[in-house]
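Have a look at the structure below before the remarks.
Every read-out reported here was derived from the displayed coordinates using simple, explicitly stated rules and does not represent laboratory data. Please read these numbers as outputs of a predicted model, since none were measured by experiment. As a convention, Cβ positions derive from the backbone with ideal geometry for all residues, glycine included, and neighbour counts pool all protein chains shown.
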Amino acid sequence: MDQNQLKSQANAKQEKLVSIRRALHQVPEFGLDLPQTLAIVLKEVEGLGEVTLGKGMTAAAVVIRGSQPGPTVLLRADMDALAVEEDTGLDFASTNGYMHACGHDLHMAMGIGAAQLIAENKDQLKGNVVMFFQPGEEGHDGAGVMLSQDMHLASGEMPIAAFGLHVFSIPEPGIFLSRKGTLMASAGDLLVTLKGKGGHGSMPWAAKDPITGMIEILSSLQSYIAKNFDALDPIVLNVGWIKAGNDHTTNIVPESVSFGATVRSFSKKGYDDTRTKIPAFIKNMAAAFELEAEIEFTPATKVLINDHGAVDRVERVTKELFGEARYVNMEQPIPGGEDYASIVEVIPGAFVFLGAAYPGTTPQDREANHSNKAKFDDGVLADGAALLAALAFDTLDEAASK
């Protein structure tokens, strides 16, 4: 497939892709149930290929079959929003209590554009493309649910490669970034309840005070991690909430307290160690205060590990399409989590970041993804669509030549 032709076709779609993205931005939906969102997506990909819908959730796999036989490549776009009240001042801002604060509206628009480009050039497509429109990336394991329903096999076979893009609101617009090996962390929640014995605030010695125990545990956790986990295989633990006592009464010792934290690791060993060492530490500390500890780890995303060959392809194709300066190899992984990790665990592939800082902003005043003030440059849509389509064509062309 001629890449200049593909890029030119993508550029011709830019205005339409912006319109689609802004329409999606105004109807954000949460979790695995995205009926309005999916309706818009399906309208834009109507007639491009065979559509398989998810069961019990709003997901779609669109199979575009080439005119020539060959294997399958999977491309992914996530669709869900966050439970955030938008405060961007954009004239297309959402008003329903949810927000595309992580740029998934851009991902859908790029995925739609890529699907259209592939379908329009399927006479040169040497195989098949499965376009994954996925719900529930923000903590609902949408990728895992789609995989469990075999939606990645919609073409009738296991894809030989998978690619996905994710925009970020701080890097300069148009810069593509990735790295071989570990790209993103495993991320999940740690939920802890400490149970003691309630009592009167005038006689705390007659109770078993869980607040004091929790304070000691929280103040010691970071030191424990620093001394008991490999600094070159880091663990990131951040406490996000605590619940203790009654804010209307100060003269009681509560029976129980609780806290929640995110725990992030960058390897299988790190993940396994957090599930054994941290609970043991918390229980031992709780026992010192004569407390019982109930500990739960919620399902976590997997460590996102990019295939080396897939990243080589991303770098080469990006530079061929847009020039040397548009691709950057990252030195370090990032501690964010992504359920795309479940896809590249079973299909060799790569996840790619795309800078989409809002025009006219400086690095100092840019709001990060997930902020209620995060804004993105939708001027990158055509380039993102072109890269996804080009990666599919390039992968299948290489497979056909072997």
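Annotations for the structure displayed:
- In region 1-157, lysine pairs with alpha-carbon atoms under 25 angstrom apart (chain gap of 8 or more, or interchain): 11
- Pair-distance distribution of region 115-256: all C-alpha pairs, bin width 10 Å, starting at 0; shares per bin in whole percent are 8, 21, 23, 19, 14, 10, 5, 1, 0.
- Cβ-Cβ distance of residue 33 and residue 93, R₀ of 35 Å, FRET efficiency by 1/(1 + (r/R0)^6): the value works out to about 0.95.
- Aspartates and glutamates whose Cα lies under 16 Å from that of residue 375, excluding same-chain neighbours fewer than 8 positions away: 85, 86, 87, 91, 105, 172, 365, 367
- Value in Å of the Kirkwood radius, where the chain supplies the Cα pairs that are averaged: 22.6 Å
- Dipole magnitude of the chain, debye to nearest 20 (Cβ charges: Lys/Arg +1, Asp/Glu -1, about Cα centre): 520 debye
- Which of 295, 225, 260, positive extreme of dipole for region 185-297 (C-beta unit charges): 225
- At 0.890 mPa s and 25 °C, Stokes D of region 185-297 from Kirkwood alpha-carbon radius, µm² per second: 167 µm²/s
- Rounded FRET efficiency, nearest 0.05, which uses the C-beta distance separating residue 345 from residue 153 and R0 of 25 Å: 0.95
- For a paramagnetic label modelled on residue 172 (point 7 Å from Cα along Cα→Cβ), amide N atoms under 18 Å away belong, within region 299-341, to 318-331.
- Lysine pairs with alpha-carbon atoms under 17 Å apart, region 185-297, spacing 8 or more or separate chains: 12
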